[in-house]
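Peer 1: Shown below is the structure under consideration.
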């Protein structure tokens, strides 16, 4: 009997054991787009077998016993998936792998992934989104123009300025285009940050030589920034939190594959912090804030036609107030930009594309000082603005594989209201003084012909413009030529010739101070600026193996500039913003025109791919100016003349999550004017008619810009960690600006003890920032 | 988290270090022209002039006054001349106006001879007439946040420039005020106010400021300056502002190159003329 029972139990166990052999299968998908992933490796602990997903993303294990298993799924470019499973029956699972490379990095915003040897891109600096986000930030801001300053041929005026000085040009000689619309306010935070929200930049190219004929209107550079369009099929939210500001954007597919909306905003915190520390007393401020907002509505009419509506708004505002029982004081200064644009993109045929852009772009600055003491009040107001409207049509035809033509026309109208000044006192009638308003029109036609012939490549272009102001019409005929000879797949030689004219003038205050930038038009007395530039470039790919891709570019240039503009010594915007005695409100009488030249050699050694990426850029250059009314008519070094400019940028990926970045710059000191002699000025009693000692000093200026500040050098470092979450992707960054606390000179002055003193602006600045991107599951 | 806070604290301490430093090793040239002269003409009982050396920026010693110079002033309208007497060390010269008078609308020529130095020359024309304050208004007293009460004041006048002579204006003020520590009433010497306190629109000029509301009278002096003298005073005030950059708001200060202004041929300084009118203000 015992034997039967034992046999029965053994039989049952055997039967039970056979019943516990189960099947385990599943499917592997990409979480970001739900695409099936082929080739993912799937492993279960205790089972010495690895399965791979097939074309349909599916996998299946042979039967095995029930129990607890550790499941690991690996796929290149995605985060490893690990999970403990208690498998007691046949199981079918569906696993969504999270892409490890964030979308921000996937988007390549320039053609840098390819060699530039066989391309006609001479005198162009491009930045990829990855580069923008991986270079160390400044207080959490990955500022576009500041990163361009790390590339050869591009400098800043000084440490606190985001203004670009390209190949010896000044900051007023740059045209900022944002989705084809001109942007006249080119900074936030008194010039410290650029107006571009780096989270939504699709493409950013800085043309500093070899200008295509479709661009014009400025002497030194065109910064062409294209913002991305929202995804047509997936809702996304992204943003970042930094020390200076926070950013947020949303990509909203309104009608799938038809209509999408991108909304992006950025706002600073200074006013919130200062309000917190100021409390609620009678004194408020100073408060400072800036914001910018971008909105893009994209309508895909059909496969061939797209309409895009674009808007950009920004504002910087500085306020301060004292509100007592008997006295009220208020200071309020603001700078605003507004852009509205509509673009039509038509792919008329496989070889013909057409683009039409309508743009409205306005900039205005307001300044108000108000004081009221027991009914005795005065107000001082100043307003300056420029309003523009433009329409541009561009047609591209790729006639053969070796010949393409691009042509079009541009019509712009400008209304300049350079200044309106008001004063109102208690017993003084309302007074108003206007700087002359001017309206002007500009018509341009351009054509670009791109050829390929054996080893030769060329872009032969021409631009004609007519600029009309009262009493004067200027005509510009600008030849543009880029020519290249490709020795082999690794090296090429290119040259470019271009002429540029600039009828719009920007009056910028000398030195520091709150920016009071006044846009004015050339007139019959102040003629447009003009430049001629020739550049020669040698490109060589030292290694073309992808992970060790190393390219070298050496470019020499010579640029002549005529009719460049400067305030005469002793004048500034206060001649417009204040009712001082002798103020000259006819702006053309307080500026002077002259000529300048800049020449130099730029070298760029760049490693684009692999764990270690970065570049070494070096510029050796000379920039001089000559004005009849400055420096006794003698030639002098321009402020932006820096003999040596070296930048080293490195980004190193430690592993999938961690990366390090660093940049180091060295620049020859800025050219400055110091006095050559000094004498004491007696204090004279005008009432008593006698001398009262010699309390003050007067300085006799030396040769203009004949001294140099000490060199500027700085190391910025950062560490980034990428994080993945159920909701999406994150990245935090800890960075140190000016890591070794170098006291780089911001300006020099001579104190009352006749000592030359250097004032530096920024010491070591630590910062922490966090970026995130949230995906919708659908 | 503690690591991050510690990191931020340490680096914040670094950032609190002084960002101003003295730059050593700059070599300044020795100036070619070596004298500066200052002479102000106005109808009064005397004429004063001062003459000093110009020095290199690297020379921080007090400059010497020129004691053995010959300073001559000629009235081009009357052809009269006067040689100023050496008054005291420091290069001070002067003379009374008993025989040689400074008169409105007369043009004067200054000549300075100094041993081993090049001769300095200049000329100026005394304003034809002095402007007069036409309106003077004041507000109600208010606390200035410290000890005193103050009143807002506003003065206005008309430009008296002519087609041949551009004129400018400065204001001095003085008078009685109560010493906040001793409580005694003392007389304040007239002091020159900043050129920035005066606004101009067309031919109308305005002075806008405030004054203590304790003891009266207050005196306001309106100086009508020939153009060169005003330009020099403006330059002097701007240079003073720049040299105090570390203590005043550098963002508000003019940062460009301040061109040196002088109407002295072969040297520096000023030979200028002005007229003064006064207004006595008694509110209480």
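Peer 1: Which one is surrounded by the most Cβ atoms within 10 Å (Cβ to Cβ), of the residues in the range A:437-488 that are in contact (Cβ under 8 Å) with a residue 40 or more places away in the chain and outside any strand (DSSP E or B)?
Peer 2: A:470
Peer 1: Of everything in the range A:45-69, what is without any contact (Cβ under 8 Å) to a residue 24 or more places away in the chain, part of a loop (DSSP other than H, G, I, E, B) and closer than 19 Å to residue A:35 by Cβ? Give them in sequence order.
Peer 2: Those that are without any contact (Cβ under 8 Å) to a residue 24 or more places away in the chain, part of a loop (DSSP other than H, G, I, E, B) and closer than 19 Å to residue A:35 by Cβ: A:54, A:55.
Peer 1: Let me ask something else. Going residue by residue through the range A:691-711, is there one that turns out to be more than 21 Å from residue A:670 (Cα to Cα), part of a strand (DSSP E or B), more than 8 Å from chain B (Cβ to nearest Cβ) and touching a residue at least 12 places away in the same chain (Cβ under 8 Å)?
Peer 2: Looking through the range A:691-711, none of the residues is more than 21 Å from residue A:670 (Cα to Cα), part of a strand (DSSP E or B), more than 8 Å from chain B (Cβ to nearest Cβ) and touching a residue at least 12 places away in the same chain (Cβ under 8 Å).
Peer 1: I want to confirm something. Restricting to the range A:158-180 and keeping residues that are modelled with pLDDT of 75 or more and part of a loop (DSSP other than H, G, I, E, B), which single residue is surrounded by the fewest Cβ atoms within 10 Å (Cβ to Cβ)?
Peer 2: Checked the range A:158-180; the qualifying residue surrounded by the fewest Cβ atoms within 10 Å (Cβ to Cβ) is A:180.
Peer 1: Look through the range A:321-349, keep the residues that are in a strand (DSSP E or B) and within 14 Å of chain B (Cβ to nearest Cβ), and return whichever of them is modelled with the lowest pLDDT.
Peer 2: This residue is A:327.
Peer 1: So, in the range A:187-217, how many residues would count as being farther than 19 Å from residue A:392 by Cβ, touching a residue at least 40 places away in the same chain (Cβ under 8 Å) and part of a loop (DSSP other than H, G, I, E, B)?
Peer 2: Result for the range A:187-217: 8.
Peer 1: Report, by residue number, each residue of the range A:370-384 that is modelled with pLDDT of 80 or more and under 11 Å from residue A:328 (Cα atoms).
Peer 2: Residue satisfying the conditions is A:370 alone.
Peer 1: Further question: Which of the strands (runs of 3 or more DSSP E) found entirely inside the range B:133-199 contain at least 1 residues meeting this: more than 10 Å from chain A (Cβ to nearest Cβ) and in contact (Cβ under 8 Å) with a residue 12 or more places away in the chain?
Peer 2: Those strands (runs of 3 or more DSSP E) span B:149-158, B:167-178, B:185-192.
Peer 1: Can you tell which of B:27, B:73 is more than 9 Å from chain A (Cβ to nearest Cβ), over 22 Å from the mean Cα position of the chain (by Cα) and surrounded by fewer than 14 Cβ atoms within 10 Å (Cβ to Cβ)?
Peer 2: The conditions single out B:27.
Peer 1: Under 20 Å from residue A:124 (Cα atoms) and more than 14 Å from chain B (Cβ to nearest Cβ): does that describe residue A:628?
Peer 2: So residue A:628 does not fit the description; no.
Peer 1: Mind listing just one residue for me: the one in the range A:558-599 that is touching a strand residue (DSSP E or B) at 6+ places or on another chain (Cβ under 8 Å) and on the phi > 0 side of the Ramachandran plot and, of those, modelled with the highest pLDDT?
Peer 2: My answer is A:563.
Peer 1: Another question about this same structure. Take the residues in the range B:55-65 that are surrounded by fewer than 23 Cβ atoms within 10 Å (Cβ to Cβ) and within 7 Å of chain A (Cβ to nearest Cβ), then tell me which one is farthest from residue B:34 (Cα to Cα).
Peer 2: B:60
Peer 1: Follow-up. Filter the range B:220-239 down to the residues that are assigned to a strand (DSSP E or B) and facing chain A (nearest Cβ under 8 Å) and list them by number.
Peer 2: Passing the criteria: B:221, B:223.
Peer 1: Every residue in the range A:218-243 that is out of contact with any helix residue (DSSP H, G or I) (no Cβ under 7 Å at 6 or more places or on another chain), assigned to a loop (DSSP other than H, G, I, E, B) and buried (at least 22 other Cβ atoms within 10 Å of the Cβ), please.
Peer 2: A:230, A:242
Peer 1: Any idea which residue in the range B:200-218 is farthest from the chain's Cα centre (by Cα), counting only those that are assigned to a strand (DSSP E or B) and over 22 Å from residue A:581 (Cβ atoms)?
Peer 2: Ranking the qualifying residues of the range B:200-218, first place goes to B:212.
Peer 1: Here's a check for you: in the range A:579-602, which residue that is farther than 30 Å from residue A:123 by Cα and more than 12 Å from chain B (Cβ to nearest Cβ) is surrounded by the fewest Cβ atoms within 10 Å (Cβ to Cβ)?
Peer 2: A:586
Peer 1: Kindly establish whether residue A:645 is farther than 30 Å from residue A:700 by Cβ, at pLDDT 90 or above and crowded, with 18+ Cβ neighbours inside 10 Å.
Peer 2: In short, yes.
Peer 1: Can you confirm whether the range A:755-767 contains a residue that is in contact with a strand residue (DSSP E or B) (Cβ under 7 Å, 6 or more places away or on another chain), assigned to a strand (DSSP E or B) and more than 7 Å from chain B (Cβ to nearest Cβ)?
Peer 2: yes
Peer 1: Right, something else. So for the range A:654-669 (the condition being within 14 Å of chain B (Cβ to nearest Cβ) and either over 30 Å from residue B:262 (Cβ atoms) or assigned to a strand (DSSP E or B) (or both)), does at least one residue qualify?
Peer 2: Checked against the condition, which is being within 14 Å of chain B (Cβ to nearest Cβ) and either over 30 Å from residue B:262 (Cβ atoms) or assigned to a strand (DSSP E or B) (or both), the range A:654-669 yields at least one hit.
The values are calculated or read from the model by the stated rules, or taken from the named source; none is laboratory data. In this text, all values refer to a predicted model and were calculated from it rather than measured experimentally. With ideal geometry, Cβ positions are generated from the backbone for all residues, glycine too; neighbour counts draw on all protein chains shown.
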